[in-house]
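A short worksheet on the structure shown next.
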Amino acid sequence: MNLDFTPEQEAFRAELRAFLEQNLPERLSDKVRSGQRLAKEDYEEWHAILNGRGWLAGNWPKGHGGAGWDAVERHIFEEETTAAGAPRIVPFGLAMLGPVLQKFGSKEQQEHWLPRILDGTDWWCQGYSEPGAGSDLASVKTTAVREGDHYIVNGQKTWTTLGQYADMIFCLVRTSKEGKPQEGISFLLIDMTSPGIEVRPIVLLDGEPEVNEVFFDNVKVPVENLVGEENKGWTYAKYLLTHERTNIAGVGFANAGLENLKRIARLEQSRGRPLIEDPLFAARIAEVEIALMAMATTNLRVVSAAAAGQAPGAESSMLKVKGTVIRQEINALTREAVGPYAMPFAHETLEAGSNAEPVGPDYALPATAQYFNNRKLSIYGGSNEVQRTIIAKTILEL
Amino acid sequence: MNLDFTPEQEAFRAELRAFLEQNLPERLSDKVRSGQRLAKEDYEEWHAILNGRGWLAGNWPKGHGGAGWDAVERHIFEEETTAAGAPRIVPFGLAMLGPVLQKFGSKEQQEHWLPRILDGTDWWCQGYSEPGAGSDLASVKTTAVREGDHYIVNGQKTWTTLGQYADMIFCLVRTSKEGKPQEGISFLLIDMTSPGIEVRPIVLLDGEPEVNEVFFDNVKVPVENLVGEENKGWTYAKYLLTHERTNIAGVGFANAGLENLKRIARLEQSRGRPLIEDPLFAARIAEVEIALMAMATTNLRVVSAAAAGQAPGAESSMLKVKGTVIRQEINALTREAVGPYAMPFAHETLEAGSNAEPVGPDYALPATAQYFNNRKLSIYGGSNEVQRTIIAKTILEL
Amino acid sequence: MNFDLTEERQMLQDGLRRYLVQAANPQSRAAAVEAEAAVDPELWGGLAEMGVIGALFTEEQGGFGGAGFDLAVVFEELGRAGAVTPLLEVVLAGGLLAQAGDAHADLLGEVIAGTRALAYAHGEPASRYDLSRVETTARREGDDYVIDGRKAVVVGGAQADMLVLSARTSGERDDAGGISLFAVPADSAGLQWRDYPLADGGRAAELVIDGLRAGSGSLLGAEGGAHDAIEYAQARGTAALCAEALGLMEAARALTADYLRTRKQFGQPIGKFQALQHRMADMLIEIEQARSAVINLCGRLQLSRREREINVSATKQLVGRVARHVTEEAIQMHGGIGMTEEYELAHLARRLTMTDHRLGDSTYHLGRFVALGAVA
Amino acid sequence: MNFDLTEERQMLQDGLRRYLVQAANPQSRAAAVEAEAAVDPELWGGLAEMGVIGALFTEEQGGFGGAGFDLAVVFEELGRAGAVTPLLEVVLAGGLLAQAGDAHADLLGEVIAGTRALAYAHGEPASRYDLSRVETTARREGDDYVIDGRKAVVVGGAQADMLVLSARTSGERDDAGGISLFAVPADSAGLQWRDYPLADGGRAAELVIDGLRAGSGSLLGAEGGAHDAIEYAQARGTAALCAEALGLMEAARALTADYLRTRKQFGQPIGKFQALQHRMADMLIEIEQARSAVINLCGRLQLSRREREINVSATKQLVGRVARHVTEEAIQMHGGIGMTEEYELAHLARRLTMTDHRLGDSTYHLGRFVALGAVA
């Protein structure tokens, strides 16, 4: 047992910090810290900076232009970038599709798509969920019918995050109705500018159109955009889901959120003294901080095992549940901390470049929106109910 | 809407208080308040005092020697007696069997058994649960086979509270294996001194033999001890279970427990001041007190509806769950309040008449035993899980 | 002891419920949002006509109700319908007008008739939930008071005709003594508004007060002695707000139970899954707790200050805690659809969540319950 | 960063686990209870022989371990087996002997060999969990100290050979300065014991100290300067106790999962009911939190006082909270059988519950975590 990082890891951390200090634009970290909505260009700017250093694709092997980091190095990267207020790396191309193409894509597909992910030519989005399917991803109803050199795709995807920015979408489509539901699924890459595609925003609880519905009406997709074999898409889909789960706990986000909460609680006054000195509010912060201290170590245990080559199993489910519960509690406390100034719903002022004068202290405005937005954490990516069932069945053998 | 009691009800309350002041022996209320175990004689003494005043059987009609109170009067009786530290009325004969005999028993049975319940000739216990059946009461395996003027009973009952004191037991027995499990059950009254009966104590978490297993080995029971019709016992059993549930919330016990907790928290010192002034401990008391204030009103709503002739339905289930959770939280806080003196497990000193010098303050010793003992509250009488299912199915129609 | 509604209140409840089903629909809400109005004028007119505003006041005050349980009936129905109105402002500001006596009877009459809109300008940018933290000052100048300061999150402020405004005429920042109340037109010179939408669907404004002149006739009650009146008005406001939260919870619960009965996954309605059944049962139990807490407060508004305020804090603490539980569970059990603005739950969830940010949140009132000596 | 056990610790864990399965069974426990012993002598001898006591001390101290993770390995296994031993007293009292230097090396050697039993007499009837509240006094008389006072719930006190006893040589009741420690034979004149059983299966005693004479050679460390040593010893004790609680939780969880797999109701194993599955999953998640909390503390015992103590309070708070959750859920999911003394869960539940009553409970440490400046 040893809780310390190795000297090499500490050196990497120092290198990262120096890099962030010099290269992370303050304009971006200010936006992240104040909870402003990031524009597409903001993400692209940050991606390009990281790509210039070879650090955009931490989990990709060097041969494909990635950094080739192990789980601990990726963890350190996550810790340092969230602490510095860097924008998150949009995961759809980099964390999700990339590994699938590297493992199951043809050489041509790899050579064509991977560089475009790194240099930002293509903004990818995800076409997994369908209306009414919930956590039952295998009940794919969107169909792709082979006609000559093309598939003709019809159907609908939903909950497509940032689909409004996307050039490309990777989709699960049904190519056969034979056998079990899992058996007739294929994995298809589709150009978002194809005729017949329509994107409709879904406004969420926080008033933001973060996710979308994507409709496919006789969309023609060249057969070379099929990844792997026809009807084997479920295998690739599962690989994608389980591949990049080391950050499932969201420790970095939780730490940043806790720091923000404490900052606010130091500034707010209640009963004539800083809110953070109110014994009951301080105790609630303490409870979540203590839980986070433990969860961060659970996360490191999983990271460390992953770096040693062990595949995380149901531990991911435990981290998912506890991690989301902790982040949601921090969000709730932050909303509570800002007091009556949680009420203004001026979400337009959260937009990049808005000139509207903020209402109340600058830290107050994003609190309610973030609270509502992060209710999604326990719903998406396999709801916490699904995770509990996985834990009960696999670890507890119930 | 009106939260006040009527002048008649207030007059009844005053009369009760005066009666308790004059007639409740201090020796008994001291024992109750300090959490000492009551002896059989203690209960009998208190029963006799109440019976002398005609107040022992609040829920029985006057014609049978009861007080004929409505639900509000019974509630006031419960409030005042628990506040005064009176022993509880042992429910098996009075609250459970009595109403069944009054509704389903023959005239001979009523004339024979009811006066003996009131004057304490018979101490009754309950023979419902069987090993391995849990909340599934209809899975009765104990058999009664008719042979001439007798039934021959074989089998086993369990969780028989205070069975060690009992002269008589009312039992669910299987008289037929035809039809549904509920259809072959009969309701039988059995003399505990019959040859073939063996009572074995079950020691619980708190170290006390409060409940028992009762074994029946070819026990002869006269047929006149059958209540109602053969194979119709399930009807009577259900009537018994639903008849007397107005005190299911245990508000009186909770109030007494809360007062005791506060008393202890005033006396204990932590960090140089009374524990009750510790903001975090005070807040935990406050939370349970606030919940109790609300639950007491929910209880009154049900009591009031019952007094107006409405049969409480799933509201009883809600009161059961919330009432037990509140009482268990008070027990846990009380255990916590006594600090290191929760550790001594000198349960013998809780016995009536023990002369062993107590360890630590007198209020400390019962805290752990009561905490453990009351874990039963959410298990017996239909576990809280069963109650939640009832609520979901009946009120929510899920 | 009787927990049934009187016949009058039962009629009010039935009528209001029927009316709100058609009048407080999402379209009318959307129109009000679009128009940057504090309330759909048609809805407001309808409420006044039904006597709903009058139900908040006693006969002496020109109404025909005014008891705690009148507030409860009205606000529970508003909550159930998810209606967006500034009726709470009427309880707060109108209640203070009524307490100040006959001098303001005409104004109050217009309020009850629905022809004059009131706002309650008490909270300040740094006061949070502390009732006596008033930094806005009013100093005598001849027969007038000159008022300077800021007020925060004045609900319906920019849309109001008249304000009930607090200012300090003496004492230090947190003193209970020295607070005075004024009734002033919302368009007075010296008032500068910054209007914005609220997460609960309504509107509020930040108010800068710069040299506002208020005649001595605008003073409500005795100079410097407004604290107790404000506390009492807020007690009534808390009863109303908690009743509204109760109605919102009932609506969220009904929506969720419906969803669980109809939505199928893995071949059966998800309401058949035991884990969700048990969570729904717990939700129901907690809502019944909230209902009882509302009854406790509404039935005790007329008791001694200590008993009343202990119930204010107990009820607000419990309702706040339960509201969060119900909101989060309702969203979670819905899954993705519960996250979308288009689905009715979003509106209920936002309103419910925001009730904890008015008149003191659940943590605040837990501490206050202890400070009032309830645990001792 | 490495969360695997070293080879030595892995061997210790394996050996201890195997040994305890047969040596720490209910019969040996019952025999010790019957004999009013602090521990089954055979079990204690076995532990000493395996080097388990030595694993709690460094090589310089005569042991071959002594790090936080050594404590964790030993105590988690003791917990898993539900073993009743005064080994925590060895961590506390033995740790103080070891800190006091070579003068007590012989005594410590006998402790490690298992031939001398120690008790830790620090807490007093009115001290609760306050480390510096010492009212027992020691005053110089020639070369001796004369000690008077009371000690409360001295675990294994009446069965011990030697006591490590705290007394105040100067300062006021709650001062950190002025506390001194003495090593005295448990059968010294002036010590009067009242021995009794504990809910966790062990024994403790109330101690009246009346004119006890202790030679200056019995003083541990500097006169009046024992506070920091006590705090450090209790930090190690907390690590050990929390590791034991973790083992107890693992055992309770395993018992409950087994029960859910085998017990049938309404025709299927109750572990198939979704509500119970989800509650078991939550239990497991919380136990993993407790495991990480134990790792956090064990890995940080050697850091600065502030960092160490923040972890002491964080870990004790979390483990205390989780222990209650696990205990109550395990009993509840068992139903009636979980209430009976005969079933193994009763013993685990009692021990687990009692861990919250030693070295500060979960509420106490939540407040202490804040007071240490962790939330600021």
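For the protein assembly as shown, what number results from the quotient of the Cα radius of gyration and 2.2 N^0.38 Å? Compactness ratio reported: 0.98. Inter-chain Cβ neighbour count for D:343-350, averaged per residue, equals 2 (cutoff 10 Å, partner chain atoms only). Inter-chain Cβ neighbour count for A:389-396, averaged per residue, equals 6 (cutoff 10 Å, partner chain atoms only).
As a ratio to 2.2 N^0.38 Å, the alpha-carbon radius of gyration for region B:248-394 is 1.19. Position A:Glu108: other-copy label points at 9.9 nm, ordered by increasing distance, label point 7 Å along Cα→C-beta.
Ranked by the mean number of other Cβ atoms within 10 Å of their residues, highest first, the peptides A:199-205, B:318-324 fall in the order B:318-324, A:199-205.
For the segment B:256-266, counting C-beta atoms of other chains within 10 Å of every residue's C-beta and taking the mean gives 1. For chain B, carbon and sulfur atoms together expose 49% of the accessible surface, with a 1.4 angstrom probe and every protein chain in place. Considering only A:Asn231, A:Pro131, A:Val219, the residue lying farthest towards the positive end of the dipole of region A:123-233 is A:Asn231, judged by Cα position with unit charges set on Cβ. Net charge of the neighbourhood of D:Arg358, taken over other residues with C-beta under 12 Å away and scored Lys/Arg +1, Asp/Glu -1, is -2. For region D:17-28, backbone phi angles converted through the Karplus equation (6.51, -1.76, 1.60; θ = phi - 60°) give residue-by-residue couplings of 4, 4, 4, 5, 3, 8, 8, 9, 8, x, 5, 5 Hz, Gly and Pro being listed as x. Backbone phi angles across region B:151-168, fed through the Karplus curve with coefficients 6.51, -1.76 and 1.60 (θ = phi - 60°), yield HN-Hα couplings of 9, 10, 9, 9, x, 8, 10, 8, 6, 7, 5, 6, x, 5, 9, 7, 8, 9 Hz in residue order; Gly and Pro are listed as x.
For a 30 Å ceiling on Cα separation, which of these pairs sit above it: B:Lys103/B:Lys180; A:Lys320/C:Lys316; A:Lys62/A:Lys238; B:Lys238/B:Lys376; C:Lys272/C:Lys316? Beyond 30 Å: A:Lys320/C:Lys316; C:Lys272/C:Lys316. Can you bin chain B into rounded, prolate or oblate? Criterion: square roots of the alpha carbon gyration tensor eigenvalues sorted a ≥ b ≥ c, rounded for a/c under 1.5, prolate for a/b above b/c, oblate for the rest. The shape class here is prolate.
For C:Glu7, the distances from its label point to the matching points in the remaining copies are 9.3 nm, ordered from shortest, with each point set 7 Å beyond Cα toward Cβ. For chain A, a Gaussian network of Cα nodes joined below 10 Å ranks A:Glu26, A:Glu336, A:Glu44 by mean-square fluctuation, and the top entry is A:Glu26. Its DSSP H runs of at least 4 residues, each contributing -39,500 (n - 2.57), put the calculated 222 nm mean residue ellipticity of chain C at -15500 deg cm²/dmol, to the nearest 500. When each of the peptides C:12-25, D:288-301, B:4-17 is scored by how many other beta carbons lie within 10 Å of its residues on average, the order from highest to lowest is D:288-301, C:12-25, B:4-17.
A simple count of charges around A:Gln182, restricted to other residues whose Cβ falls under 13 Å of its Cβ and scoring Lys, Arg +1 and Asp, Glu -1, yields +2. Taking every DSSP helix (H) stretch of at least 4 residues in chain A, weighting each as -39,500 (n - 2.57) and dividing the sum by the residue count yields a mean residue ellipticity at 222 nm of -13500 deg cm²/dmol. Scaled against 2.2 N^0.38 Å for its residue count N, the alpha carbon radius of gyration of region B:7-89 is 1.07. Let me make sure I get this right: for region A:123-233, a, b and c are the square roots of the gyration tensor eigenvalues over alpha carbons, sorted descending. Under 1.5 in a/c it's rounded, otherwise prolate if a/b > b/c, else oblate. Which is it? Verdict is oblate for region A:123-233. Coupling constants for region C:359-371 follow from the phi torsions by the Karplus curve (6.51 cos²θ - 1.76 cosθ + 1.60, θ = phi - 60°), and in residue order they are 6, x, 8, 5, 5, 4, 6, 5, x, 5, 4, 5, 5 Hz; glycine and proline get x. Counting Lys and Arg as +1 and Asp and Glu as -1 over every other residue whose Cβ lies under 9 Å from the Cβ of B:Leu398, the net charge comes to +2. Peptide packing: for D:141-147, B:339-345, C:191-197, the average count of neighbouring Cβ atoms within 10 Å per residue gives the ranking B:339-345, C:191-197, D:141-147, highest mean first. For chain A, the longest principal axis of the C-alpha atoms and the axis of helix A:7-23 are separated by about 90°.
For D:Asp187, the label point sits 7 Å beyond Cα toward Cβ; its separations from the matching points on the remaining copies run 10.0 nm, from shortest to longest. In terms of its C-alpha gyration tensor, region C:7-117 has an oblate overall shape, because the principal axis ratio a/c (a ≥ b ≥ c, square roots of the eigenvalues) is not below 1.5 and a/b does not outweigh b/c.
Within the straight-line cut-off of under 19 Å between alpha carbons, the lysines reachable from B:Lys177 are B:Lys141, B:Lys157, B:Lys232, sequence neighbours fewer than 8 places apart in one chain being disregarded.
The values are calculated or read from the model by the stated rules, or taken from the named source; none is laboratory data. Computed from a prediction, not measured in an experiment: that's the story for all the values here. Counting neighbours? That spans all protein chains shown, and the Cβs are built from the backbone with ideal geometry, glycine included. Just the protein is used for accessible areas: all its heavy atoms, side chains included, with ligands, DNA and RNA removed. Shrake-Rupley method; radii C 1.70, N 1.55, O 1.52, S 1.80 Å.
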